[in-house]
Amino acid sequence: MRRATRRLTKDRPTVLSVAICTHNRSAAVARCLAGLGTRHVDIDVLVIDSGSHATEAEAITHVATAYGAQHIRLAETGLSAARNAAIAASQGTWIAFLDDDATPAPDWVEVLLATIACDPDLAATGGSILPQWQTHLPAWWPSSLRAVLTIIDTVRPGDPGASEVEPYAANIAFRRDVLLRFGGFPTSLGRRGSLLLSNEETYILRRLRKARLKVRFNPDLVVHHEIARERLRPAWLVQRQYWSGVSEAVMLGALGERRLARSWWMAAHAALLTPLLLWPKTSTRCLRLRCNAAFAVGFVRGMLIETLGGIALA
């Protein structure tokens, strides 16, 4: 089903671009575009394929064309590079990013446009990310680590401090001129193939807050995020926490923030807890401590990467 093409005029510029970055997930892109719908003629939709294999690349092209989305194919993998390509190609004064495995609620576009329209000082916004479980969340999963599955499902409209919640990149939007001013997303962060780097949107949000630009979370802006069953394993969670540690250290370095005291603390933590990482990967015992150990080890590695001038992560 082809999206209606918008006729641009000088007196009616495009307010919103929506970017879906993907790698080897054509079926997920199709669900995301189907959820976004074809009824919105006032938005600019882009699908950025980040180095997908030939068969998937062809399928992604077909899906994007079927929904009338602009398609961009990048030869190399890299989420931040894909997002930066979307920024460069977008037409909107705002650009929103949806994860390819996130499906927007039927009123997502309307809520986002209303959020933008009601506050001209706003620089970024984001909203709720409700889980769509492929299987039940295991009882052993630490409640404090639900967020690593990219979930924000406990914030309600009217909750004290709801507007101050930090958005996640599965459901986030920025004023495009602000992203351009900051040089886009840092390519030292963000998923690259099998490297589970993250924090690229956190880097931007921290820069926004340092510049005293307004960021507001809107719980009414909802997407549904598919949680794959293969992620609900102890080994995935420990690995994810390791890469969270790497990402945190690299991000702090990119921001130019002081890290020495924390680095010493993390190094001591890693030395103390590293033996726990020898535990069988399928075991759920001592899982919280194993996650702490993985994060500390990852942080130390991230510090070394920064100190040695961005050596290869692979």
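Observations on the model:
- Span per principal axis, largest first, for the Cα atoms of the range 16-230 (Å): 48, 44, 36
- Modelled spin-label separation between A54 and E226, with each label point placed 7 Å from Cα along the Cα-to-Cβ direction: 2.5 nm.
- Taking V63, V148, V15 as the candidate residues, the one with maximal mean-square fluctuation in a Gaussian network model of the chain, Cα springs under 10 Å, is V148.
- The amide H of W133, built 1.01 Å from its N in the peptide plane, has I227 as neighbours under 5 Å, considering only residues 5 or more places off or on other chains.
- Taking 0.36 nm per residue of separation and subtracting the Cα-Cα distance, full extension of the segment from V15 to L255 would add 83.4 nm.
- Karplus-derived HN-Hα couplings along the range 134-142 (A = 6.51, B = -1.76, C = 1.60, θ = phi - 60°), whole Hz, x at Gly and Pro: 6, 8, 5, 5, x, 5, 7, 5, x
- Footprinting exposure proxy for V165, V246 (fewest neighbouring C-beta atoms within 10 Å first): V165, V246
- Crossing angle, helix 108-117 versus the chain [Cα axis fit, 0-90 degrees, rounded to tens]: 80 degrees
- Derived scalar couplings between HN and Hα for the range 257-263 equal 8, 5, 9, 4, 4, 5, 5 Hz in order, rounded to whole Hz, by the Karplus curve 6.51 cos²θ - 1.76 cosθ + 1.60 (θ = phi - 60°), x for Gly and Pro.
- Within the chain, helix-based [θ] at 222 nm, where runs of 4 or more DSSP H residues each add -39,500 (n - 2.57), nearest 500: -12000 deg cm²/dmol
- Phi angles of the range 212-225 translate, via the Karplus equation with coefficients 6.51, -1.76, 1.60 and θ = phi - 60°, into HN-Hα couplings of 6, 8, 7, 10, 9, 8, 10, x, 6, 8, 10, 10, 10, 9 Hz per residue; Gly and Pro are given as x.
- Excluding exposed DSSP-loop GluC sites (Glu not before Pro) (at most 15 other C-beta within 10 Å), longest clean stretch of the chain: 77-256
- Gaussian network model of the chain, springs between alpha carbon atoms under 10 Å - residue of L278, L197, L79 with greatest fluctuation: L278
- Residues V222, V155 in ascending order of nearby Cβ atoms (within 10 Å, fewest first): V155, V222.
- As a proxy for reagent exposure, ranking F185, F217, F174 by other Cβ atoms within 10 Å from fewest up yields F217, F185, F174.
- Taking the average, over residues, of other Cβ atoms within 10 Å as the packing measure, peptides 43-50, 21-28 rank 43-50, 21-28 from highest down.
Coordinate-derived values only; no laboratory data. Computed from a prediction, not measured in an experiment: that's the story for all the values here. FYI the Cβ positions are ideal-geometry reconstructions off the backbone, even for glycines, and counts take in every protein chain you see.
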